[in-house]
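Step one of this worksheet: look at the structure below.
Each reported figure results from applying straightforward, stated rules to the coordinates on display, with no laboratory input. On a predicted model such as this, the values are computed, not experimentally measured, just so you know. Cβ: placed from backbone, ideal geometry, glycine included. Neighbour counts: every protein chain shown.
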There are 2 protein chains.
Amino acid sequence: MLKKNLIFLFLISSVIINAQIKLNNRLNLMPWPKSIVENHQQFIINNKFSISINDAKSERLNSQTTRFLRRLSNRTGVFLDKGFALKNNNKSITSLIINYKIIGKLKLGVDESYELKILDNKINIKANTDIGAIRALETLLQLISSKKDFYYFPGVEIHDSPRFAWRGLMIDAARHFEPVNVIKRNLKGMAAVKLNVFHWHLSDDQGFRIQINSWPKLYQMASDGQYYTHEEIRNVVNFADKLGIRVIPELDIPGHATSWLVAYPEMASKDTIYQLQRNAGIFDPTIDPTKPITYKILGDVITEVSSLFPDKYFHIGGDENKGKQWDANQNIQNFKKNHDFKTNHDLQNYFNSKILAILKKNGKIMMGWDEILQPTLSKDVVIQSWHGKKHMLKAAALGYKTLLSRGYYIDLLKSAGYHYKNDPIDNPDSLTKVQLKNILGGEATMWGELVTPLTIDSRIWPRTAAIAERLWSPKNINDVNNMYKRLKVISFRLEALGLTHIRNKEVILRNITNNQDISSLMILSNICEPLKGYKRNYGGTEYNTFSPFTLFADACTADASDAMEFKKIVKQFLLKPNLKNKKDIIKYLAKWISNYEKFETLDKNPILKSIELPYKNLSDLSKILKRNLLKKSNHKHLKKASKLLVMIKSPFVDVEFVIHDDLERLLSYLKR
Amino acid sequence: MLKKNLIFLFLISSVIINAQIKLNNRLNLMPWPKSIVENHQQFIINNKFSISINDAKSERLNSQTTRFLRRLSNRTGVFLDKGFALKNNNKSITSLIINYKIIGKLKLGVDESYELKILDNKINIKANTDIGAIRALETLLQLISSKKDFYYFPGVEIHDSPRFAWRGLMIDAARHFEPVNVIKRNLKGMAAVKLNVFHWHLSDDQGFRIQINSWPKLYQMASDGQYYTHEEIRNVVNFADKLGIRVIPELDIPGHATSWLVAYPEMASKDTIYQLQRNAGIFDPTIDPTKPITYKILGDVITEVSSLFPDKYFHIGGDENKGKQWDANQNIQNFKKNHDFKTNHDLQNYFNSKILAILKKNGKIMMGWDEILQPTLSKDVVIQSWHGKKHMLKAAALGYKTLLSRGYYIDLLKSAGYHYKNDPIDNPDSLTKVQLKNILGGEATMWGELVTPLTIDSRIWPRTAAIAERLWSPKNINDVNNMYKRLKVISFRLEALGLTHIRNKEVILRNITNNQDISSLMILSNICEPLKGYKRNYGGTEYNTFSPFTLFADACTADASDAMEFKKIVKQFLLKPNLKNKKDIIKYLAKWISNYEKFETLDKNPILKSIELPYKNLSDLSKILKRNLLKKSNHKHLKKASKLLVMIKSPFVDVEFVIHDDLERLLSYLKR
């Protein structure tokens, strides 16, 4: 009997999995829900569309239903009769009925589950909390579909809840300041893909970005006038709350602390006058953990900042303290000796324990990067791992709550697929129960050295949506190709939220060309990616905080679209050459040839000039490859092609031709 | 001798004027300066570029020089060694030396004049005030030019000052709320074209948009949660000050006042419960001028708002009070009788005099629209004329300061040329000295019924730049064609300030097409303009505050680019047909034919479907015209063409083919 049931269950789940895969190809949901079943009905969207909620007590839900109606109307062009949720809960005339049980307290582990059922003439959302209900509204918006004569919601039944409780995005507003509107549009983007933690990196060597009344020089002297006021912080926290997103502040100490010392050199480990760092890197200035004034200032600042952020968690950074200034300071050396501290790590532990006490007094739980980990540390501290899974698992085994950021460093400009495949838990069976319980989730990190308000969205999106799916959806939702297919749609939908990751590319290209025809640069940008890792700062260019981020590299993004397509085609061709895939390759080669010609008609300036030779090389190589593919000139010019390829492999203006290996493979094929 | 001198002067000025016209065609300055002379030198921009100021006391100038350096770097891609103005005033190593005499007090009539001299190795800015100096910096940025190997400033000597002291832009944030970032980017745009007054329309029937602590229901109940806090107001005022822009608040009373009555029905002329208006129009709800509570509330509110705006001027609206509620209220009728008021206008005068007293107590000067004019009114009141020049001149003759807004209603979506030709003073010789003295300038008005943050920039820019030139530059700078040539460049330069008037068009088209190829819609949008005047609200569609403004009409703008070009070509052709201009026409016709084919390959949805037939009609007509122009089918299908033309003349989805009259002329020509 048991066996029979198991077989039956197996069959059922196969059917469901198959159906899901089919749906995967038609619906563009991201993150993909835990369970979705089609019912072959459809709800047609017209001017009568209306919403009612079982009660009007949730401000969060009230604001999000209004926003839902605006977004629905903007997406479809349908003029709705009712611009707000109905006051009287007349179920017979309501299109969408929302039932929630309690107003969720926004904190780690709050219930975000929901059910969404779409029938021909009725849509139902059920959730334990209002936060679950707003997650459902985002899913519903992603389902909007159209036929020639109407827009509609396809009939489905969804049961959904997240795999991990902590699904975050960190934005570094210290290296380059990001005004409130940049933060807000990214919060909207986060909510659209069900991320629930915004981690706000507020201080670093390059700036202190938050108003502090108790020690006002911090923002007055160490921000270049670019900081968030208390009201702005509260405004953002409130805005995020409405979206079901927690906000965690980070003040990075005791390293990455130049900005503190610009304002208050009395807390420095070296007695000198400090200036804000303008470059990227790891710097020496470090807070002195032995001075009483240090804890006076930190105590007041942490208390003031704590009062602005209702969330329990408070991030103290703690990373990359090289201890150089500690070593050079005799007082600190004496202090270490007196306290029997063997290493600078011991001293930092002492510092952390003092900070922990301040945080506890403020009712906060401490968070920090890997470096703060030490076995004597209170077990309610959260370790955010940038060192990697090994460190994370160690912390989890020691009983610390942890989250993964390594592999989610979106500033490195790796592919969405790379991040997508990075699962916080590779093999659940290999972990202990304690470890499994302690892994809270993960966070994408948008470090700010190389981004400005003009470009930051294109570094966060759409790749962060793939990370969001990794952290929300079941582990077995992991088909990279299918993810990319959906990501393309999700990416363009995100721009309706005000995100600028698509539109600003053309702004940069118009500036570069002095408003000439940008199409040839557009084509070029679709096969170029900015140098990955921190290589943009190598080889001649050193960017600082006031460098121009309006260059060709800033117009390029990870996952260059034509390059991805070209790679596929070349792979297919080399596997099994046929007329179709040969034609596809030639189409691309021809495109690069003709667009280089177009590029050549532009009036040049220094920026365009710096792109000219690489573009010419690509065009010349494409010509040779094309001719050889067409057998018009068999094995001709292949030597020249090899020389061109060498040049094409070198980066130029901080980008690289990401198709260079495909071109190389093609060339090898032709040489045979 | 005198005669000789006069002839000499005449010759000199002819030479200068000719030179200016020549320069007009090469340099893209807007507003065009009072005097500009070339010296055939050039200053090359490299990483050593630096600025020094004669003293560091002007916060305004300090912030704007930093901003100048960022913009210079972003425009050119040059990595500057120095990101801030030099502290030590070492003139020998400084590129740009700024000398100003005093920190300008930002008020009506402040000195904005400047001199700018560019030599091979030195740039000098001289100004009486720091405000003059920042005007010069904007001119300098507009001069950036490039050759193949470098960017440079062309050698010129400019002496410049404004023709009118009041050069404003009004933004209505009441009908649709415009968040602070929308206001700020538009302030930057204003500064770039030397506008100096931001008039902020803060209340209307559709919303009350400013935090009021004394009577908090105003923002709590009558804003849908969309209002500016005190801090935001101060922040905007401070931001504008740094740009040399005054900020004038407007609270529209006693009409356009529904939002006041939603919050405090006790000040209403009719005893009822009020709701925010969601539609556009003129509504009945009017403040009761006979009740003490009215003046208690208005007194407190005006006092509170006055404290947030340092400028002397305060706008009370006063327009379009139909007095319907006054007529229906017996108490008000009795009050009129008791006070011997013959008309509602008398009663409104009484109301205005009470408000004037409140304003005076707060040290403010009253402003209002035409309707507040009455001869007994204090002479320091400013009349803003939306009725027209006749009214403006009458007010000016009566001794009131005035400014012109009629002819600058940019929400009507007329052409830049129309606004450009609208001079506040058509014929200076026909006016009295008093009139001339009293005409302060003008203001573009961006009424908010049909705009949202997504589209507002494309309704303000670039046309407002043409108005800015009308108000700054000498009267004889009035060549419309030359203005358009420069406007095209200025428009694209404005987007570097964060203005979205260019980039958001594609955002709308991507949404409409569901991210399909937008090029065919782009082509269509370049010959379509949104219905002018308030016609968008006629004929079926009635827009309200929560209607979708993401439609094809929202992607279209005034001065549709291809239409302007096509009009020119058709005109030339009909004047003197030749092979060249015939070919040009055919090129356009062919473009519409082929792009309709492309459009037809798109998957349709209701929005695309609504565009399909008009596009087909255009394509069909283009085919007939093309064939006839090519003489391939002489006089064939011309009857069908006439029928198509009738259809093409009708508006569709709230836009019109602005080339329909050119097509008609072509057809008539072919019929001959």
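As a test of the formula, what do you get for chain B when each DSSP H run with n ≥ 4 contributes -39,500 (n - 2.57) and the sum is divided by the residue count, at 222 nm and rounded to the nearest 500 deg cm²/dmol?
So the calculated ellipticity at 222 nm is -14000 deg cm²/dmol.
When B:T557, A:T541, B:T452 are ordered from fewest to most other Cβ atoms inside 10 Å of their Cβ, what list results?
A:T541, B:T452, B:T557
Counting partner chain Cβ atoms within 10 Å of every residue's Cβ in B:219-226, what's the average?
What the average comes to for B:219-226 is 1.
Put the label 7 Å from Cα along Cα→Cβ for B:K82; what are its distances to the other copies, in nanometres, shortest first?
Ordered by increasing distance: 6.5 nm.
List the distances, in nm and shortest first, from the label point of B:H230 to the matching label points in every other copy, placing each point 7 Å from Cα along the Cα-to-Cβ direction.
Ordered by increasing distance: 1.3 nm.
On average, how much area does the Cα convex hull of the stretch B:196-370 cover when viewed from any direction, in nm²?
Convex hull of Cα atoms, orientation-averaged projection: 9.7 nm².
Please compute the contact order of chain B in relative form: average sequence separation of alpha-carbon pairs under 8 Å and at least six residues apart, divided by the residue count, as a percent.
11 percent
Shape call for the stretch A:147-201 from the C-alpha gyration tensor, a ≥ b ≥ c root eigenvalues: rounded (a/c under 1.5), prolate (a/b greater than b/c) or oblate?
Cα axes put the stretch A:147-201 in the oblate bin.
How far, in nm to one decimal, is B:F150 from itself in the other copies if the label point is set 7 angstrom along Cα toward Cβ? Shortest first, please.
Spelled out, the distances from B:F150's label point are 6.8 nm.
Kindly write out, for the stretch B:649-656 in residue order, the coupling ³J(HN,Hα) from the Karplus curve 6.51 cos²θ - 1.76 cosθ + 1.60 (θ = phi - 60°), rounded to whole Hz, with x marking Gly and Pro.
Calculated HN-Hα couplings, in order: 6, 7, x, 9, 5, 6, 10, 9 Hz.
Straight-line reach from B:K583: which lysines fall under 16 Å, measuring Cα to Cα and dropping same-chain residues less than 8 apart?
Result set, ordered by chain and number: B:K567, B:K568, B:K571, B:K591, B:K623, B:K626, B:K631, B:K632.
Which one of B:N25, A:Y543, A:G407 is farthest out on the positive end of the charge dipole of the protein assembly as shown, using unit charges on Cβ (Lys, Arg +1; Asp, Glu -1) and the Cα centre as origin?
Result: B:N25, furthest along the dipole toward the positive end.
How many percent of DSSP beta bridges within the stretch B:63-163 run antiparallel, rounded to 5?
Given both bridge residues lie in the stretch B:63-163, the antiparallel proportion sits at roughly 60 percent.
Using packing as a proxy for protection, rank A:176-183, B:279-286 so that the peptide with the highest average count of other Cβ atoms within 10 Å comes first.
Ranking the peptides A:176-183, B:279-286 by packing returns A:176-183, B:279-286.
Which trypsin sites (Lys or Arg not before Pro) from the stretch A:122-162 combine a DSSP loop assignment with at most 14 other Cβ atoms within 10 Å?
A:K147, A:K148
Using amide H atoms built 1.01 Å from N in the peptide plane, name the residues 5+ places from A:I102, or on other chains, whose amide H lies under 5 Å from its own.
Hits under the 5 Å cutoff: A:T129, A:D130.
With a Cα-only, solvent-free Debye model of chain A, what are the log10 I(q)/I(0) values at q = 0.06 Å⁻¹?
-0.40
Check cross-link reach from B:K87 to the aspartates and glutamates: straight Cα distance under 20 Å, and skip same-chain residues fewer than eight apart.
A:D224, B:D55, B:E59, B:D130
Quick one: work out the % antiparallel among DSSP beta bridges in the stretch B:196-370, nearest 5.
If I count the DSSP bridges inside the stretch B:196-370, around 20 percent turn out antiparallel.
Roughly how crowded by other chains is peptide B:73-84, in terms of the mean Cβ count from those chains within 10 Å of each of its Cβ atoms?
Shielding by partners across B:73-84 averages 6.
Tally Lys/Arg at +1 and Asp/Glu at -1 over every other residue whose Cβ is under 14 Å from the Cβ of B:T229; what's the total?
-2
Quick one: of the DSSP bridges fully inside the protein assembly as shown, what percent are antiparallel, nearest 5?
Percent antiparallel among DSSP bridges in the protein assembly as shown is about 40.
Averaged over its residues, how many other protein chain Cβ atoms are within 10 Å of peptide B:547-558's Cβ atoms?
3
Looking at this model, which pairs from A:K505/B:K48; B:K270/B:K337; A:K390/A:K421; B:K390/B:K505; A:K609/A:K649 are more than 27 angstrom apart at the alpha-carbon?
A:K505/B:K48; B:K390/B:K505
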